[in-house]
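Some notes on the structure that comes next.
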Amino acid sequence: MSKIRFVEAITALAALALSSCEREDRRFREEPPAANAASTATLSPLQPGPTVREVKTHSPYQENAYMVNEGKALFNQMNCVGCHANGGGGMGPALMDDEWIYGNDPQQIFSSIAQGRPNGMPAWSGVLSNDQIWRLVGYVQSMSGQLRKDVAPTRNDDMFSGPSEQRATEMKPKKANPGPSH
Amino acid sequence: MKRYKAVGDVSELPSVVFGKRAITWWGTLMFMFIEGMTVAVCAASYLYIRKNFHDWPPPPTPLPSLLIPTIGVITMLVSIVVMRRVQKAAEALDKPAVTTGLVVMALLGMALVALRFFDFRSLNTHWDTDAYGSTAWASVAFHSTLLFFEAIETTVFAVLALVGPWEMKHFSDAEDNAMYWYFMCGIWIPVYVLLFILPRWL
Amino acid sequence: MTVARDAAPLREPGDPMTGPDPVAPAIWEEVELTEEDQELRKKLIRVWGDGPGLWGWIRSTSHASIGKRYVVTAFIFFLLGGLEAGMMRLQLSRPENSFLGPDRYNQIFTMHGTTMMFLFAVPVMVAMGLYLVPLMVGAREVAFSRLNAYGYWVYLIGGLFIYTQFFLNTGPDTGWFAYVPLSGPEFSPGKRVDTWAQMITFTEIAALAGATEIVITAFKHRAPGMSLNRIPLFVWAMITTSFMIIFAMPAVATGSQFLAADRLIDTHFFNHAEGGDALLWQHLFWFFGHPEVYIIFMPALGIISSIVPTFTRRPIFGYPVMVMALITTGFMSFGLWVHHMFATPIPQLGQSFFTAASTMIAIPTGVQIFCWIATIWAGRPRFATPLLFVLGFFFTFIIGGLSGVMIASVAFDQQAHDTYFIVAHLHYVLLGGAVMPLFGGFYYWFPKFTGRLMNERMGKWNFWLFFIGVNVTFFPMHILGLEGMTRRIYTYLPETGWGPLNALVSGGAVLIVASVALFIFNFFRSLRHGAVAGDNPWGADTLEWATASPPEPYVFLYPPVVQSRNPLWTEGRERPVFTGLRTDIRDTLVTTTLDATPDYRQNSPNPTAWPFIAALATGVMFISAIFTAWGLVVGSVLLFFPLVKWGWPDRHDQSVRYSGRGEIVEK
Amino acid sequence: MLHRSLQRALVVATCFLTACVAGFNESALRPEGPQAGRIGSLWWFMFAVAAAVWLIVNAFLVWAVRRGRRRDLPLIEPTGDAPMKRSVVIGTGITVLILTVFLVSDIATGHALGSMPRKDALRIEVKGHQWWWEVNYVDPTPGRMVTTANEIHIPVGEPVQIIGTSPDVIHSFWIPNLQGKKDLIPGHTTSTWLRADTAGVYRGQCAEFCGAQHAKMIALVIAEPRDKFEAWYNSQLDSAKAPSDSVTTRGQQVFLKSACAVCHTISGTRAGGRIGPVLSHIGSRTTLASGWLRNTPGNLGGWIVDPQGIKPGTKMPPNNIDPADLQALITYLESLK
């Protein structure tokens, strides 16, 4: 009995350790993961035919603090702030709430960035590499508190615009609802 | 071969003494140096940040409120008077008076801890508003650790006086505890002036 | 207490020193215990001994056990830091080397600096003090022995924590100085810098605990008769150092909490856009950081002042001046911190003030060097390994001191700052000024720690390899710095022309590695096969040599009485002592601060595991705090119980009870 | 002058020690400007005094040690006072004297360094980025402002004011042959002056640790005669050269269509990114990647395709461009003189 406990404890510790390895990894030169991600994305389960079971895809950088932070830098550099503000929304939808027009699945976020969306969201696939888009995906996930606290970024050395992503409360996403609501 | 030669005998020396003869007094003094430096560093940071702003507090932050902190300071001054009686009682080895005094002090300590939560609110800013807020909160927060620690220690002493095996040395310890209490209150007053009163002129 | 005296290296056959000494006829003799003394010894061993086994080891609060553990732990960190230095030298040995990438290199150089400063240099000096100060002042135990144990465990947990994180790729990578904004939230994502900031908290607590004990032990637990002007210089050095720790460390502890808060809860201490200031960090860090250098260096001066008289057979020359020099250095070291910031915008007048202070701090050190030379001149030096290391100190440290005076100049510092010139300077000061005396001190006190002498032959090899290694490694760095090589670069182009000198530097590092390896070999070999030392193998003058080697748990059978500055050289054939301490509890003698006249008897607490448990709770609190602010709350709750238990009266020891009616009941 | 010739000899000796490959001008010991010159003199003065002090103190030490080998000294005796007291007092006096001389000469040097500022001098704003230098020539006429990167052209013999700022972390600007270093600190503006008395290219590295690629953040100061400088300055004022043939036209299209234009500016085109260095006249620069690579077509191609291999961690992403396009792009960029 206690032996099993011990093994469990060791496994848990090892998992913790590995997660910290993943969190701190800085793969400067990696090949962009999931190169063809955009084409296979499912926008929403509301599709003709039988209901597609929701399968949560894995966002390659959602456990990597460095890459998520790089995503944050890109978010500012690419002027995403211009429409989405710091997640609060403006011309574009808010990113720190629980409403996901085109889905909160990482794959869906990837598609939204890569392909663009109606009403003003440009397609970034020609400008950003898939790798960079995945970094952005990680950051977008962090804005609504979907990432672990030790992975999500904290404030920038800028004017302070509200609690940082690390302090964001996790938003349980509402069901995806595509449509011209915005 | 050498041999030992007794030149004196120490068996008649006391085993409990008061004031700066006691090593605990010196221990308390060292902790006062350490904590005093910590609070001084916070205050220095607060003043260092001042030069980065035109107005203090930086608008639109309002001036800190005075009511609760002032009540807190008055409570501290009262507590010093009470603690002084505890100290005298301890020096006189008057156990019942020490016990009563410590119980009163424990209650006063808890009252001060409760007031401290409102001190934070009286700053009228948040730690993440700007550097003014951060340094002001830090100054109060670091002092609060002293206050919490001292309130808990006094409470533990009160419990010990009520139920525990009270030894002689605890009279001396109670006296050192009083000294630390004076320090804790004494160092709050400049912090109070700096954070709550000076912004009206700085 | 029979001793194979022939093994003592100072007493070769035919040496005039073996003959009767007119001044100190009994210098080599040990005390013969009477029947009564033997009885007392047995009783005291029972009262003062650590319990048996692992549990006894954990519960131990004995300054000797804790001190030894502390020294060994710090030395292991020294080896780890050295390993990191070796990897850096391997990477830099030729231009465009690919042994380490930037990410790994930056973690390694940060760990090297952090380890050497926070986990080796300060702890090892504090540890030497914790072991030796009670012995030197004739006390049985440090003032707060449980706090001592707590300090060690907190230090150990902090060190293990940062190294665990390092092996999990979470080693800090922003330098041991962690300048914001690079170490701030925006530019250092993840937990690397949080690890660093929290490790600071651990080591600060440990250092502050150690400093407090050393000051109070030296002030209140001195042997009767050891008035202020009879305190050994090593103890003076430790007192000054401890006060510097007490006044300097809070600045960096507070600063690192500010940094952690900036990174975790969005405060703006260092965010210029919200009125914070990156320079505030530099002020806080260097207000600690410069005294830190002297915190490491001053105990080394104390070690030298212990070794020189013993091996020259002369009391130190100019004792009052030496004490004044130590205290002056301690005060002045708080007025120099800005010389680390000469390249930042600091007003001209301020710069001149800090230049003047940085220059003039050389005076007290100069005075001490002159006094040592005078002592050697008057004496009869014996070239045992400890003295060799001290002579090595003169040759190397003076280079570091002089380059230090140069870089006190604002103008020159703007060229030298953050180049390899500074790397050379600081290693000359720290290796020449602190590590060489430390090695000397280790050879000197090894017989006291273990009861055996280290091998002299290997010691000499150890010294020469180290001496040559340090100079070959660090002298060329001066030139590299002036030739434009900046610090903390992981690679460089061949066209810079820095390659050949860097190769030479890396070659020198090999010598240092060989020297340290030899030291380790000598250590383990001597532990088992070294010549048995006896109480006072070197014929030294201070009280630690009046105890057995290694000291018995009770240290001094009776509190010794001190009648001069060199008690063992002047005591003759009778060792004056006080009697009358209790034999059934851990009774210690407290004396007055100035004259050290006996004042009262203090009961030293029994061994207990609560400091260890409190340290564990502290560890949980600080480590979880870097992941969530709730960690502080949970940790405080966890910490509450062990802290209360720690101080709660011991039910096994109710010998001094209060009757409740204004009177004392002693059993 | 003896002082001078000694200095020369020492310089030669150090050159020999560093096995002077003569690749770069990067040394505080070979000053080419008045500030570095003053500091150099101060250094040699302090070095000479320090060397003498070291020799004398250690000579005394050796003497003291040798004296002790005499066997006629008693074993243990109270340390006698009289002769040693005098020596220690004299030694301390000399120490104080030397330190005071050092202090005075430092203040004098500092004064000399501070006396250079001139009102009408050329002002250059240097911004440290992770990990490159943005260089803005400040001119009251907005149309005459020049922006470039990593390579700073200055006229020989004229004082130049360097104004330092940083948008990210602390960097430190240092050209050892000309002047000591000055930190570039976010939230602060710092200023330093330099003057090159000899034409040449002076190299310096970022001197404050600034992250992963601190080692590969190099600045060049190119000092040239006034007329050459003017010519360079005017050429920088022009818009980037328009493509003149089919290859460069294709290169420009590649540039504008791909990710390049998001981060880099080429004047006269749609490319207006401000994240990376301006490329309007990249062909006229001698180095790439903030001074790490020589500016050759091969290096440029390698840099575009695999910047993370050359400078791991840099902001520039790898670019997957097909070979023909890449060739055109390189040709276009190299044509931007």
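The residue list D:Pro317, D:Ala59, C:Met125 was ranked by how far each Cα lies along the charge dipole of the protein assembly as shown toward its positive end, using unit charges on Cβ atoms, and D:Ala59 comes out on top. What's the center-to-center distance, using Cα atoms, between segment D:153-231 and segment C:210-288 in Å? Comparing the Cα centres of segment D:153-231 and segment C:210-288, I get a distance of 37 Å.
Basic side chains Lys and Arg get +1 at the Cβ, acidic Asp and Glu get -1 at the Cβ, and with that the dipole of chain C about its Cα centre reaches some 960 debye.
The angle separating the long axis of helix C:362-378 from the principal Cα axis of greatest extent in chain C is about 40 degrees. For n ≥ 4 DSSP H runs only, could you compute -39500 (n - 2.57) per run for the protein assembly as shown, divide by its residues and tell me the 222 nm figure to the nearest 500? Calculated from helices alone, the mean residue ellipticity at 222 nm is -18000 deg cm²/dmol.
When a/c reaches 1.5 or more, the comparison of a/b and b/c decides; with that in mind, is segment D:246-335 rounded, prolate or oblate per its Cα gyration tensor? Because its axes are fairly even, with a/c under 1.5, segment D:246-335 counts as rounded. Any chance you could check the Cα centroid distance between segment D:137-151 and segment B:163-202 for me, in angstrom? Using only Cα atoms, the two centres lie 60 Å from each other.
Structure remark: mean-square fluctuation, Gaussian network model of chain B, C-alpha springs under 10 Å; the largest value among B:His54, B:His126, B:His170 belongs to B:His54.
When the square roots of the Cα gyration tensor eigenvalues are ordered a ≥ b ≥ c, the ratio a/c for segment B:1-92 is 1.5 or more and a/b does not exceed b/c, which makes its shape oblate.
Overall, the protein assembly as shown carries a charge dipole of about 1620 debye about its Cα centre when +1 sits on the Cβ of Lys and Arg and -1 on the Cβ of Asp and Glu, all other atoms neutral.
Summary value for segment C:469-557: 29 percent relative contact order, contacts being C-alpha pairs under 8 angstrom separated by 6+ residues.
For chain C, the longest principal axis of the alpha carbon atoms and the long axis of helix C:63-92 meet at an angle near 20°.
When you count the other C-beta atoms within 10 angstrom of each residue and take the mean per peptide, C:578-587, B:69-78, C:462-471, C:443-452 line up highest first as C:443-452, C:462-471, C:578-587, B:69-78.
Annotation for segment A:59-126 versus segment C:469-512: alpha-carbon center distance of 47 Å. Using the average count of surrounding beta-carbon atoms within 10 Å as a protection proxy, the listed peptides D:320-333, C:544-557, C:242-255 rank, highest first, as C:242-255, C:544-557, D:320-333. Look at the alpha carbon pairs under 8 Å that are at least 6 residues apart: their mean separation over the length of chain C gives a relative contact order of 21 percent. Number of Lys-Lys pairs in chain C with C-alpha atoms under 22 Å apart and a separation of 8 or more places or on different chains: 5. Mean partner shielding of peptide D:88-100, defined as the number of other chain Cβ atoms within 10 Å of each residue Cβ, is 5. Going Cα to Cα from D:Lys257, which lysines come in below 27 Å? Please leave out same-chain ones fewer than 8 positions away. Leaving aside lysines fewer than 8 places away in the same chain, those within reach of D:Lys257 are A:Lys72, D:Lys241, D:Lys311, D:Lys315, D:Lys337. Peptide B:124-132 has a mean of 6 when you count, residue by residue, the C-beta atoms of other protein chains within 10 Å of its C-beta.
Remark: relative contact order (chain B) = 35 percent; criterion is Cα-Cα distance under 8 angstrom and separation of 6 or more residues. Legend: mean number of C-beta atoms from other chains within 10 angstrom of residue C-beta atoms, peptide C:550-560, equals 1. Taking a ≥ b ≥ c as the square roots of the eigenvalues of the Cα gyration tensor, an a/c ratio of 1.5 or more together with a/b larger than b/c marks segment D:122-237 as prolate. Can you find, among C:Leu568, C:Ala434, C:Leu54, the residue farthest towards the positive end of the dipole of the protein assembly as shown? Put +1 on the C-beta of Lys and Arg, -1 on that of Asp and Glu. Positive-most Cα among the choices belongs to C:Leu568. Against the main long axis of the alpha-carbon atoms of chain D, helix D:82-114 sits at an angle near 20°.
Most tightly packed first, judged by the mean number of other beta-carbon atoms within 10 Å of their residues, the peptides B:88-97, D:175-184 read D:175-184, B:88-97.
Taken together, the values in this text are just the output of simple stated rules run on the coordinates, not laboratory data. Everything quoted here is computed from the prediction, not taken from an experiment. Here the Cβ is made from the backbone with ideal geometry for all residues, glycine too, and neighbour counts use every protein chain on show.
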